[in-house]
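To start, the structure itself, in structure tokens.
The values are calculated or read from the model by the stated rules, or taken from the named source; none is laboratory data. Not measured: the values here are computed from a predicted model. Backbone-built Cβ (ideal geometry, glycine too); neighbour counts: all protein chains shown.
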Amino acid sequence: MTIALQARAGRAIGLVAALLVGSAALAAPGDYPAYGGDHGGTRYSTLKQITKANVAKLTQAWRFDMPAGGLQVQPIIVDGVLYATTTDGKVVALDGATGTTKWTTSFPGAGGGRGRGLTYWASGNDRRIIVPGGAFVYVINADTGALIPSFGDGGKIDLRRQLRGDDPTKNLVNIGTPPSLYKDVIITAGGVPETSPSAPGDIRGWDVRTGKLLWAFHAIPHPGEPGYETWPADAWKTAGGVNAWQGTIVDEEAGVVYAALGSPADDFWGGERLGNNLYGNSLVAIDATTGKRLWHFQTVHHDMWDADFAAQPILMTVKRGGRPVKAVAVTNKAGFIFLFDRKTGKPLFDIQEKPFPASDVEGEVASPTQPIPVAPAPLGLHEIGPDSLTNRTPEANAAARARLATMKYGPVYTPIAKNKDTIVIPGFSGGVEWGGMAADPKGILYANSENIAWYTSIIDQNRPGPGRSKFNFSGYNKFRDPDGYPGTKPPWGTLNAIDMNSGKYLWKIPFGYYPELAAKGMADTGSESYGGPVVTASGLLFIGATIYDRQFRAYEAATGKELWKATLPFGGVATPATYMANGRQYLVIAASGARDSKGPKGAALVAFTLGK
């Protein structure tokens, strides 16, 4: 089949696949027009020019370099033009086929570190790019990069305003994940701290043309709202956190926003927020037109472990009793995966409330139970002991055992002790990170997951004053062996395919390696990974994400067999995008050296296509 015929066939397939997955594709099927590929966050593409038979012919097409720094952006591509943020606060528009610059513009706070994407909106000839940048959302002309002066205050809205109190400067907001979009409504979420003092992470809808605030869903319920009783009286006036910092998704057909709201402030001691703390650690379905709550499910009660959702929810279609069911899946840092009927919020796998230990820290009251899904099985390690420690060398094992003996440890949701280091598994970056999961129309979920123990402890608070908690925590610390490698047995990272129709794993493989260990014969250790996969209709899964080996890989989605890889200039710690430009399919990924202290420094967008 010629490229032109493939493109025409792709349009028909694209319409069907979009309906099956459950997220309408308003842009051309060769585009990648939204963070996560579509507004449902599926990271699924109907493109199939690159196949299992020819993927080995992929070669670098172009590279766009920028100053060194963290680069986590997943570009969006519309009509062959690629839009991305950079490490130095710019938004660039590039020719998707050549990487040449069409325009560039700068915004305070945009890109850099946690700039993870952009949002595209169009009505006729009015084409706009929505840019998250620090405490602001900017709206610019997609053709020129110029601010739209009729939007908000000269082209921007200040997310600190209309949030809490009369002084917006007291509301700390730093948004990095792009807003969602439903018709003409921009939906913002997150960017507030999870340490006191903090503003609430309200989900808000704004008019895309004017910047006018249309509605607000209160992440910490106000008097008279459902969930108010799960907090101390008047907590809504001072409590904070509970923000969907990883981004919301939208079911465009149903007009519903799904927000995975994170931990309340403070993350590790809740003595000033006794109760279950809705809507902390909750998946919430919200009417995209009015902001009204439709349903919710809390996956961690009264979180004391920072066990929030690090990844967006994702829309899927699964089968129950031989019939398709529109579903939404979500996963938290504890590595549990929850699946719900999109309309009703009914769990599609049973969830059991199981008992867990009480906290012995003064003033703290842990929830006596936590919700545990019966399927799928957790993504990673859920209990630690001497037998689960590293076997890399006898010396490393002995050191890890000696260190563990000084710590508090146990199963997942073991309460953190005061003044004693306590193991948290699968870790503060455990499970699926912000790169997200991918889903195909058959109901298969793909996810890269970390499996590294971390530790912390509760310590006395040295910051007196109103709004400050009584206790703090001793920091985010990785449990390592004396040589700096994870102190538990590998694999330290995995790539997984899960049939969400049955809840069973189709395959699980080690994902990533440390080059110096691979040179000594330890090639299947797995490693930390930041960034997620994209899956295509040709049965391929593409992913970078691994920090140390700097590989960009293609797998056979059905089996997990590696089919192709290329070494990136820096770690590809972002989620790739795939698109068509001038009749050819491309893959692009952001690469940067910020997470590897020993590796090369720099940042770039790197694109690949089939060699001629």
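Quick notes
- Residue within the stretch 491-503 that is under 30 Å from residue 399 (Cβ atoms), modelled with pLDDT of 95 or more, among the acidic types (Asp, Glu) and not in a loop (DSSP other than H, G, I, E, B) present: no
- Filter pass, residue 333 being within 16 Å of residue 303 (Cα to Cα), of a type in the set (Lys, Arg) and surrounded by fewer than 19 Cβ atoms within 10 Å (Cβ to Cβ): no
- Residue list for the stretch 262-285, restricted to those being in contact with a helix residue (DSSP H, G or I) (Cβ under 9 Å, 6 or more places away or on another chain) and among the charged types (D, E, K, R): 272, 273
- Residue within the stretch 11-30 that is charged (D, E, K, R), modelled with pLDDT under 95 and farther than 25 Å from residue 173 by Cα present: yes
- Index of the failed condition, residue 225 passing every other in (1) more than 25 Å from residue 414 (Cβ to Cβ); (2) buried (at least 21 other Cβ atoms within 10 Å of the Cβ): (2)
- For the criterion of being under 27 Å from residue 152 (Cβ atoms) and either modelled with pLDDT under 95 or of a type outside the set (A, V, I, L, M) (or both), residue 33 passes.
- Residue within the stretch 388-405 that is modelled with pLDDT of 95 or more, assigned to a helix (DSSP H, G or I) and either within 30 Å of residue 39 (Cβ to Cβ) or basic (Lys, Arg) (or both) present: yes
- Members of the stretch 194-214 found to be hydrophobic (A, V, I, L, M, F, W, C) and surrounded by 23 or more Cβ atoms within 10 Å (Cβ to Cβ), listed by number: 199, 203, 206, 208
- Flag for residue 452 being in a strand (DSSP E or B) and among the β-branched types (Val, Ile, Thr): no
- Per the conditions (1) at pLDDT 95 or above; (2) of a type outside the set (Gly, Ala, Ser); (3) farther than 28 Å from residue 499 by Cβ, the sole criterion not satisfied by residue 441 is (3).
- Residue within the stretch 559-570 that is within 21 Å of residue 315 (Cβ to Cβ), modelled with pLDDT of 95 or more, outside any strand (DSSP E or B) and out of contact with any Lys or Arg (no Cβ under 8 Å at 6 or more places or on another chain) present: no
- Any hit, the stretch 336-346, residues being of a type outside the set (Gly, Ala, Ser), closer than 25 Å to residue 261 by Cα, surrounded by fewer than 20 Cβ atoms within 10 Å (Cβ to Cβ) and without any contact (Cβ under 8 Å) to a residue 40 or more places away in the chain: yes
- Cβ-Cβ under 6 Å pairs, at least 6 apart or on other chains, the stretch 243-259 side within 18 Å of residue 177 (Cβ to Cβ) and among the aliphatic types (A, V, I, L, M), far side part of a loop (DSSP other than H, G, I, E, B) and modelled with pLDDT under 95: 244/189; 244/190; 259/189
- Qualifying residues in the stretch 281-304 (those that are part of a strand (DSSP E or B) and of a type in the set (D, E, K, R)) - the one surrounded by the fewest Cβ atoms within 10 Å (Cβ to Cβ): 287
- Test: residue 525 is β-branched (Val, Ile, Thr) and under 23 Å from residue 55 (Cα atoms): no
- Within the option set 255, 280, being at pLDDT 95 or above, under 19 Å from residue 428 (Cβ atoms) and more than 14 Å from the chain's Cα centre (by Cα) holds for one residue only, 280.
- Test: residue in the stretch 362-369 that is loosely packed, with under 15 Cβ neighbours inside 10 Å, at pLDDT 95 or above and of a type in the set (Ser, Thr, Tyr): yes
- Residue within the stretch 515-528 that is part of a strand (DSSP E or B), buried (at least 22 other Cβ atoms within 10 Å of the Cβ), under 20 Å from the mean Cα position of the chain (by Cα) and not charged (D, E, K, R) present: no
- In the stretch 170-190, the residues that are more than 18 Å from residue 110 (Cα to Cα) and among the acidic types (Asp, Glu) reach residues that are modelled with pLDDT of 95 or more and not in a loop (DSSP other than H, G, I, E, B) with C-beta atoms within less than 9 angstrom, at least six apart or across chains, in these pairs: 184/121; 184/123; 184/207.
Table: residues versus (1) under 22 Å from the mean Cα position of the chain (by Cα); (2) small (Gly, Ala, Ser); (3) at positive phi.
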position	(1), (2), (3)
169	no, no, no
233	no, yes, no
239	no, yes, no
267	yes, no, no
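- Residue list for the stretch 474-490, restricted to those being surrounded by 21 or more Cβ atoms within 10 Å (Cβ to Cβ) and of a type in the set (Phe, Trp, Tyr): 479, 485
- Taking the stretch 598-609 as the range and being farther than 10 Å from residue 547 by Cβ and not in a strand (DSSP E or B) as the test, the residues that pass are 598, 600, 601, 602.
One line per residue, one yes/no per condition, for (1) over 19 Å from residue 229 (Cα atoms); (2) of a type outside the set (Gly, Ala, Ser):
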site	(1), (2)
264	no, yes
275	no, no
289	yes, yes
297	no, yes
305	yes, yes
312	yes, yes
319	yes, yes
322	yes, no
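- Exactly one residue among 178, 168 is surrounded by 14 or more Cβ atoms within 10 Å (Cβ to Cβ), within 26 Å of residue 237 (Cα to Cα) and not β-branched (Val, Ile, Thr), and that residue is 168.
Yes or no, residue by residue, for (1) among the hydrophobic types (A, V, I, L, M, F, W, C); (2) on the phi < 0 side of the Ramachandran plot:
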{"position": "460", "(1), (2)": "no, yes"}
{"position": "495", "(1), (2)": "yes, yes"}
{"position": "499", "(1), (2)": "no, yes"}
{"position": "502", "(1), (2)": "no, yes"}
{"position": "520", "(1), (2)": "no, yes"}
{"position": "523", "(1), (2)": "yes, yes"}
{"position": "531", "(1), (2)": "no, no"}
{"position": "534", "(1), (2)": "yes, yes"}
{"position": "564", "(1), (2)": "yes, yes"}
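- Applying the criterion of being modelled with pLDDT under 95 and among the hydrophobic types (A, V, I, L, M, F, W, C) to the residues of the stretch 69-117, the residue that is farthest from residue 146 (Cα to Cα) is 110.
- Applying the criterion of being in a loop (DSSP other than H, G, I, E, B) and within 18 Å of residue 443 (Cα to Cα) to the residues of the stretch 529-558, the residue that is nearest to the chain's Cα centre (by Cα) is 532.
- Exclusive hit being part of a strand (DSSP E or B), touching a residue at least 12 places away in the same chain (Cβ under 8 Å) and not charged (D, E, K, R), set 324, 357, 378: 324
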